[in-house]
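S.K.: I have a structure here, written as structure tokens, and I will follow up with some questions on it.
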Amino acid sequence: MKVLVSGGGTGGHIYPALALVRHLAEDDNNSFLYIGTEKGLEATIVPKAGIPFKSVHITGFRRKISFENVKTVLRFLKAVKKAKKYIKEFQPDVVVGTGGYVCGPVVYAAAKANIPTLIHEQNSVPGLTNKFLSKYVDKVAISFEDAAEYFPENKTVLTGNPRASEVTAPGDTVSLKDFGLSDDKQTILIVGGSRGAKPINEAVLEAVTSWEDKPYQVVYVTGEVHFDSIKSALENLKVGNHIVTLPYVEDMPSLLKKVDMVIARAGATSLAEITALGLPSILVPSPYVTNNHQFKNAKSLVDKGAAILLEEKELNAASLTEKMDIVQDPEKLGAMKNASLNTGKPEAADLLEKELISLTLPNN
């Protein structure tokens, strides 16, 4: 099966695409082409992963009336023409879009060429591109049940996010002793994303000395941007060995398998990984994202009993510690674990593969 994949702009669109490609690549008969933008994150990440990469130039629409939108339409038409050229050369059996502006011209060009198409929506609230493409594609795969209301019912299927399948795959395990912690204590992971989250960092610094007498320990991933200043601040506070600070974790799936609770933003990829492993979570959604989609992602888990919501405006040392103490309540923690497991889709990559295969069958 020849699979053309397009997705870009943010890791939330790119990493699910790469997870799907890695899953499909287990079959040597499958081949791939990835189309992104030349200046996007995907232009670096995708070739590094060994996947053939082509680019088109496209920008997003301004939400306010602007002459730039006229230029965007012209760029879209030019990108469609270029995408058609790539499609003609590669001759894909199916085309997958995982979000971001670049998917617009690529998936649209494929649909108009009568090539089977599928878009994957990671969030509970879709972006403009996937809403636009849903009119033309053959299938819409969603990660949250809540997203179904935005798409045509006859095209929409709940598959989950393929990153969930990667996090549950067998692999090397880590020991918390490798991080200077105990393997026998309850462990809470605090992470604010690859670049960190300043409000979470501030709350942790204010609260950390009060955790010394707690029965749990903390792995604190600051993000590389904040690491030096946070490490220096913790050294000045002379904190004990109940917390370890890291700038970044290369093998996050292995670490996630060793912790009892996660405190994080509410990005779609993070939630897919957390629920695939059945981890309870305290979610601090970023209020700075389009359509406030992280809040809605978080609410989806909170409403199912899998997570606790802590809005950034309510985040401080006291509120953070209060939520964290729930890890000491076996009944509450057990209920959250079960709810998280029931929400997760560790079989997401398999489900997506089945949808793609079905689209390539005759008389589909």
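The values are calculated or read from the model by the stated rules, or taken from the named source; none is laboratory data. All values reported here derive from a predicted model rather than from experimental measurement. Cβ coordinates were reconstructed from backbone atoms using ideal geometry, including for glycine residues, and neighbour counts include every protein chain displayed.
S.K.: Go through segment 210-239 and give me each residue that's under 15 Å from Thr187 (Cα atoms) and in a loop (DSSP other than H, G, I, E, B).
M.R.: The answer is Glu212, Asp213, Lys214, Pro215.
S.K.: Can you tell me which residues in segment 147-180 are farther than 26 Å from Val21 by Cβ, charged (D, E, K, R) and modelled with pLDDT of 95 or more?
M.R.: Matches in segment 147-180: Glu149, Glu153.
S.K.: Please enumerate the residues belonging to segment 301-328 that are in contact with a helix residue (DSSP H, G or I) (Cβ under 7 Å, 6 or more places away or on another chain), under 20 Å from Gln217 (Cα atoms) and not hydrophobic (A, V, I, L, M, F, W, C).
M.R.: Asn316, Thr321 - these are the residues of segment 301-328 that are in contact with a helix residue (DSSP H, G or I) (Cβ under 7 Å, 6 or more places away or on another chain), under 20 Å from Gln217 (Cα atoms) and not hydrophobic (A, V, I, L, M, F, W, C).
S.K.: Something else now. Pull out all pairs, ordered by first then second residue, where Cβ-Cβ is under 7 Å, the residues are six or more apart or on different chains, the first lies in segment 301-323 and is over 18 Å from Thr209 (Cβ atoms) and in contact (Cβ under 8 Å) with a residue 24 or more places away in the chain, and the second is surrounded by fewer than 18 Cβ atoms within 10 Å (Cβ to Cβ) and among the hydroxyl-bearing types (Ser, Thr, Tyr).
M.R.: Leu310/Ser319
S.K.: Please go through (1) out of contact with any helix residue (DSSP H, G or I) (no Cβ under 6 Å at 6 or more places or on another chain); (2) in a helix (DSSP H, G or I) for Gly193 and return the number of the only condition it doesn't satisfy.
M.R.: Every condition holds for Gly193 apart from (2).
S.K.: Specify which of the listed residues (Ala298, Ala349, Ala264) is under 17 Å from Gly192 (Cβ atoms) and in contact with a helix residue (DSSP H, G or I) (Cβ under 7 Å, 6 or more places away or on another chain).
M.R.: Going through Ala298, Ala349, Ala264 in turn, just one is under 17 Å from Gly192 (Cβ atoms) and in contact with a helix residue (DSSP H, G or I) (Cβ under 7 Å, 6 or more places away or on another chain): Ala264.
S.K.: While we're looking at this one, here's another question. Could you run through segment 70-89 and say how many residues are more than 14 Å from Ser55 (Cα to Cα) and within 30 Å of the chain's Cα centre (by Cα)?
M.R.: The number of residues fulfilling the criteria is 3.
S.K.: Next up: Pick out the one residue from Leu255, Leu279 that is surrounded by 15 or more Cβ atoms within 10 Å (Cβ to Cβ) and part of a helix (DSSP H, G or I).
M.R.: Leu255
S.K.: Related question: Can you tell me how many residues within segment 258-276 are assigned to a loop (DSSP other than H, G, I, E, B) and of a type in the set (A, V, I, L, M, F, W, C)?
M.R.: Looking only at that region, the number is 2.
S.K.: To continue, here is another question. Would you confirm whether any residue within segment 134-146 is modelled with pLDDT of 95 or more, crowded, with 21+ Cβ neighbours inside 10 Å and either in contact with a Gly (Cβ under 8 Å, 6 or more places away or on another chain) or not assigned by TED's automatic domain parsing to the domain that holds Arg22 (or both)?
M.R.: yes
S.K.: Can I ask one more? Go through the residues of segment 31-54 one by one and say whether even a single one is in the same structural domain as Ala141 (by TED's automatic domain parsing), surrounded by fewer than 18 Cβ atoms within 10 Å (Cβ to Cβ), of a type outside the set (Ser, Thr, Tyr) and over 23 Å from the mean Cα position of the chain (by Cα).
M.R.: Scanning segment 31-54, I find no residue that is in the same structural domain as Ala141 (by TED's automatic domain parsing), surrounded by fewer than 18 Cβ atoms within 10 Å (Cβ to Cβ), of a type outside the set (Ser, Thr, Tyr) and over 23 Å from the mean Cα position of the chain (by Cα), so the answer is no.
S.K.: Which pairs do you get when a residue that is in a strand (DSSP E or B), found in segment 170-187, comes within reach of a residue that is surrounded by 12 or more Cβ atoms within 10 Å (Cβ to Cβ) and among the polar types (S, T, N, Q), reach meaning Cβ atoms under 8 angstrom, with the pair 6+ apart or on two chains?
M.R.: Listed by first residue and then by second, the contacts come to Gln186/Gln217; Gln186/Gln328; Thr187/Gln217.
S.K.: With respect to Ala113, is the statement that it is in contact with a helix residue (DSSP H, G or I) (Cβ under 8 Å, 6 or more places away or on another chain) and either in the same structural domain as Ser55 (by TED's automatic domain parsing) or under 21 Å from Thr343 (Cα atoms) (or both) true?
M.R.: yes
S.K.: For segment 138-157, which residues satisfy the criterion of being in contact with a Pro (Cβ under 9 Å, 6 or more places away or on another chain) and either assigned to a loop (DSSP other than H, G, I, E, B) or among the β-branched types (Val, Ile, Thr) (or both)? Give the derivation first.
M.R.: Here is the first cut: in segment 138-157, the ones in contact with a Pro (Cβ under 9 Å, 6 or more places away or on another chain) are 138-140, 142-143, 147, 150-151.
Within segment 138-157, Asp138, Val140, Ile142, Ser143, Phe151 meet the criteria.
S.K.: Further, regarding this structure: Checking Arg163 against (1) surrounded by 15 or more Cβ atoms within 10 Å (Cβ to Cβ); (2) free of Cβ contacts under 8 Å to residues at least 60 places away in the same chain; (3) of a type in the set (Lys, Arg), which test does it fail?
M.R.: The number of the failed condition is (2).
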